[in-house]
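Working notes, structure below.
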Amino acid sequence: QVQLVESGGGSVQAGGSLRLSCAASGSTFSINGMGWYRQAPGKQRELVAAITGGNSPNYGDSVKGRFTISRDNAKNTVYLQMNSLKPEDTAVYYCYVNGAVAVYWGQGTPVTVSS
């Protein structure tokens, strides 16, 4: 089992920045890929960014050039640096990790971007 605790969400004006963190605990030896999804009200959950065990990042089209994903394996933590935020980035952000036999999800952290 892997437990995930997210932090860093909040409210910001358009053009601002936020940094999300997601710390894993438990059976962290089994973790490979890590990443973030988001879900806005009335919309489907979408991939924001992912990073492999080899530190290769992948981004959703809507955040390319604005968001940066990184990970600290020593701390079992994945980060999402969000710059140039837009109102359409408003959503609940969920981190996830790929374990050996399951995908584990965080509880979600809300991000609100006002115009």
Quick check: pseudo-label points 7 Å beyond the Cα along Cα→Cβ at Thr28 and Thr68, how many nm apart are they? 2.2
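Would you please give the FRET efficiency between Lys75 and Ala40, computed as 1/(1 + (r/R0)^6) with r the Cβ-Cβ distance and R0 = 35 Å, to the nearest 0.05? Provide the component values of the computation, followed by the final result.
On the way: r = 29 Å, r/R0 = 0.83.
The computed FRET efficiency comes out at 0.75.
Using the Kirkwood radius built from alpha carbon pairs, what does the Stokes-Einstein equation give as D for the chain at 25 °C and 0.890 mPa s, in µm² per second? Numbers along the way, then the final one.
On the way: Rh = 14.0 Å.
Translational D for this selection: 175 µm²/s.
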Calculate the length of the line joining the C-alpha centroid of segment 16-33 to that of segment 76-115, in whole Å. 10
Distance (nanometres) between label positions extended 7 Å along Cα→Cβ at Thr52 and Arg19: 2.6
Any idea what the dipole of the chain comes to, in debye rounded to 20, about its Cα centre with Lys/Arg Cβ at +1 and Asp/Glu Cβ at -1? 80
For segment 22-32, 3J(HN,Hα) per residue [Karplus equation, 6.51 cos²θ - 1.76 cosθ + 1.60, θ = phi - 60°, Hz, x = Gly/Pro]: 9, 9, 9, 9, x, 7, 6, 5, 8, 6, 10
Per residue value of the accessible surface for the chain (all protein chains in place, 1.4 Å probe), Å²: 51
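Mind checking the dipole of segment 35-78: about its Cα centre, +1 per Lys or Arg Cβ, -1 per Asp or Glu Cβ, Debye to the nearest 20? Spell out each step's value before the answer.
Values: 7 positive and 3 negative charges, 21 e Å.
Dipole magnitude for segment 35-78 comes out near 100 debye.
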Whole-Hz Karplus ³J(HN,Hα) for segment 79-87, in order, using 6.51 cos²θ - 1.76 cosθ + 1.60 and θ = phi - 60°, x for Gly and Pro? 10, 9, 8, 10, 10, 6, 5, 10, x
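With +1 assigned to the C-beta of every Lys and Arg and -1 to the C-beta of every Asp and Glu, and no other charges, what is the dipole magnitude of segment 51-97 about the Cα centre in debye, to the nearest 20?
On the way: 5 positive and 4 negative charges, 23 e Å.
Taking the Cα centre of segment 51-97 as origin, the dipole is about 120 debye.
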From the phi of every residue in segment 6-19, what ³J(HN,Hα) in whole Hz does the Karplus formula 6.51 cos²θ - 1.76 cosθ + 1.60 yield, where θ is phi - 60° and glycine or proline is x? 9, 7, x, x, x, 10, 8, 7, 3, x, x, 9, 9, 10
How many nm separate the modelled label positions at Asp61 and Ser84, each set 7 Å beyond the Cα in the direction of the Cβ? 1.7
Amide H neighbours of Lys86 at under 5 Å, excluding residues fewer than 5 places away on the same chain, with H built from the backbone geometry, are Gly15
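The values are calculated or read from the model by the stated rules, or taken from the named source; none is laboratory data. Note that this is a predicted model, so its numbers are computed, not measured. Note that we place each Cβ from the backbone using ideal geometry, even for glycine, and neighbour counts take in every protein chain shown. Quick note on the areas: whole protein, heavy atoms, side chains included, nothing else; ligands and nucleic acids left out. Shrake-Rupley method; radii C 1.70, N 1.55, O 1.52, S 1.80 Å.
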